[in-house]
Amino acid sequence: MNLSKNQKILLGILHFLPLIGIIAYFYFIFSFVFNNIENLGTHPDEQPQLEFFKAFFAAFIVIILTLLVSIGIKIFDIIHLTRSNKDDKGNKILIWVLLFVFTGIISEIVYYFLEILPEKKENNTSL
């Protein structure tokens with residue numbers, strides 16, 4: 001699969017988005033807990049404040065978008081893997097797919113740097 005330099009840069013950004021999304025998710029959750037823990041401890045009978053629902057909704061949206069991007073990248077990487085290794089006789093495709101399934105984001109980033117980013121050299125033998 002031949003990709004232009006701009007497409008490779010865009011793919012690199014997309015490969016790192018799930019990692020950034022997970023960090024943002026934890027930020028929303030921790031800021032939500034630390035901002036509302038004082039109110040929950042002092043006034044347990046009150047109704048939850050609007051900030052409670054805003055923070056929960058923001059964290060929910062971030063995790064859903066992170067999951068969608070992660071699934072999309074996983075699908076793209078598997079398609080790229082199968083198209084670029086059609087003639088491979090070994091178990092390279094199986095190993096990468098298992099890595100994608102069991103290690104997720106880390107293996108997708110490693111795949112980007114090992115398989116997508118480097119330029120494939122064609123065998124030009126001239127006489």
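The values are calculated or read from the model by the stated rules, or taken from the named source; none is laboratory data. Note that the structure is predicted; figures quoted are calculated from it, not measured. Virtual Cβ from ideal backbone geometry, glycine too; neighbours counted across all protein chains shown. All accessible areas refer to the heavy atoms of the entire protein, side chains included, with ligands and DNA or RNA removed. Shrake-Rupley method; radii C 1.70, N 1.55, O 1.52, S 1.80 Å.
At-a-glance table
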| item | result |
| --- | --- |
| Solvent accessible area, Å² - residue 54, 1.4 Å probe, full protein context | 130 |
| Distance (nanometres) between label positions extended 7 Å along Cα→Cβ at residue 89 and residue 31 | 5.6 |
| Exposure ranking of 112, 25 by accessible area [1.4 Å probe, largest first] | 25, 112 |
